[in-house]
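Comments concern the structure below.
Any read-out appearing in this document is the output of simple, stated calculations on the displayed coordinates, not a laboratory observation. On a predicted model such as this, the values are computed, not experimentally measured, just so you know. Backbone-built Cβ (ideal geometry, glycine too); neighbour counts: all protein chains shown.
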Amino acid sequence: MAADRVPWRKARIGAITPVTPRVKSVRFTGLDGTHRAGQHVELRLTAPDGYQAQRSYSIASAPGDADGLELMIEGLTGGEVSSYFADIAEVGDEVELRGPIGGSFVWSPEDGGPVLLIGGGSGVVPLLSMLRARAETGSETPMLLIYSVREAAEAILREELEARARDEPGFDLTLLTTREGATAGRRVDRVMIETALDHIGKPRHVFVCGGNAFVGTVSDLLVDAGVKPGAIRTERFGG
Amino acid sequence: MVTRGFTGRPPKADVAARLPPGQYLTEDFPVLQLGPTPRVTEETWSFTLRDGPRPLKSWTWAEFARLPHTRWKGDIHCVTKWSKFDTAWEGVSFDDILADVGIEPPTDFTLFEGFDDYTTNVPVADLRGGRAMVATSYEGKPIPPDHGGPARLLVPHLYFWKSPKWVKGLRFTRKDEGGFWELRGYHMYGDPWREQRFTGD
């Protein structure tokens, strides 16, 4: 199933919307084709002297979203690409984009479920695309998202997630705030994993995305809880 | 295509000279893997060389430790864009593994396998002449599990997805057979200096 060559394409910024104090949603238009939920794209920026910087970003939008391809770009201190999006990029600007890329951390409604999604911080982004893909197709595949953030204000698209949990049959959300509220000091732990597994049943697919330590800890807990390693897909940022 | 308003922060010339196109330097050591870290210890680890389905030889950890060991220090490059300089590894070179079996390679291609069932292909020519080893130590210590310990392949002149973690064996193949990523759009060879990230690059 080898793909054809993956070309660099021009993508126009169609919208920039802050979604948390540190993260902006950036929508790109003018792109043909679609993607599979969970995939990423690469962006390339070019300076007048020819210097180029490339970075990878997970896709947040559902496949085929008419509003364009949505990425969530965090204003990382000192990051040359993230600071371009934080401080310079405007609607109408063009960058180069390549992809979609990735054939492992992906889910489509026809892959079925139950599906357990576990995201830490901006690791929720590819999981958001899966949730949206599920809703777009009217799928009722059981899906449960455990989303761990330090504070509620850092949760990306919290209102959308809560509305989906309220309105979409078969989708449940566990939002964990590790530094405030009733769950301060708690992390995704054995009890939380077991509760989730009791709730949705034996998962056919588990997707874990976040920082390195988070993903390592959570995937070990999943294996300890009896989930088959082959059912668990992981993605870590900083990679 | 110049990006309006972007200047970036190009690396200094000495760093830039060591970075393949599209890469940037990182000081930490990011972790990339498909799933959970498999539970492999020195007690349960073994390495098997096969010609197609036919086993040629297997080594336990203790047997492998008795083979001649090689050191290598240099730069590694991940297809996700990071490069890390001056990494120090020790292990058993492919040449010494072959010498221990006492054979010449039966084919020109190999497919490596990990304990997590990950696979990747590397041509025999890229393994010989001291260009590849099964590494059993990193920076003078056992390789941490999330970096592939107890043993991983090291083929540092190719993108790092060609250096599978928790390596459990290699199979000589008649044809150049793609592995996990190569069947999912990634390049069959993966030379960072020619920026062979994806099929057709």
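Here are a few things to note about the model shown:
- Local electrostatic count at A:Gly112 - Lys and Arg +1, Asp and Glu -1, tallied over other residues with Cβ under 14 Å: 0
- Cα-based Rg / Dmax (Å) for chain A: 17.7, 57
- Each Lys or Arg adds one and each Asp or Glu takes one away; over the other residues whose Cβ falls under 15 Å from the Cβ of A:Met130, this sums to -4.
- Pairwise centroid distance, computed over Cα atoms, of the stretch B:35-102 with the stretch A:138-215, Å: 38
- Summed over all non-identical Cα pairs, the Kirkwood treatment of the stretch A:116-239 gives a radius of 14.5 Å.
- GNM flexibility winner over chain B from B:Lys165, B:Lys175, B:Lys12 (Cα, springs under 10 Å): B:Lys12
- Packing-based exposure ordering (other Cβ within 10 Å, fewest first) of B:Val79, B:Val31: B:Val31, B:Val79
- Shape call, the stretch B:48-201: gyration tensor on alpha carbons, a/c limit 1.5: oblate
- Diagonalising the gyration tensor over the Cα atoms of the protein assembly as shown and scaling each eigenvalue by 5 before taking the square root yields semi-axes of 37, 27, 20 Å, largest first.
- Shielding by other protein chains, B:5-15, mean Cβ within 10 Å: 5
- Shielding by partners for peptide A:39-49, expressed as the average number of C-beta atoms from other protein chains within 10 Å of each residue's C-beta, is 4.
- Springs between Cα atoms under 10 Å define the GNM used for chain B, and in it the highest mean-square fluctuation of B:Thr26, B:Thr80, B:Thr136 occurs at B:Thr26.
- Counting only DSSP H runs of at least 4 residues, each contributing -39500 (n - 2.57), and dividing by the residue count of chain B, the helix-based mean residue ellipticity at 222 nm comes to -2000 deg cm²/dmol.
- Area projected by the alpha carbon convex hull of the stretch B:1-100, averaged over all directions, nm²: 10.8
- Taking other residues whose beta carbon is less than 10 angstrom from the beta carbon of B:Pro68, and scoring Lys, Arg as +1 and Asp, Glu as -1, yields -2.
- Top of A:Gly92, A:Gly50, A:Gly33 by mean-square fluctuation, Gaussian network on chain A, Cα under 10 Å: A:Gly50
- Straight-distance candidates among the lysines for linking to B:Lys141, with alpha-carbon spacing under 28 Å and chain neighbours fewer than 8 residues away dropped: B:Lys57, B:Lys73, B:Lys81, B:Lys84, B:Lys162, B:Lys165, B:Lys168.
- Helix-only mean residue ellipticity at 222 nm for chain A, each DSSP H run of n ≥ 4 adding -39500 (n - 2.57), per residue, nearest 500: -7000 deg cm²/dmol
- Once exposed loop GluC sites (Glu not before Pro) are cut out (DSSP; at most 14 other Cβ, 10 Å), longest piece of chain A: A:1-89
- Whether the stretch A:112-177 is rounded, prolate or oblate, judged on the alpha carbon gyration tensor where a/c under 1.5 counts as rounded: prolate
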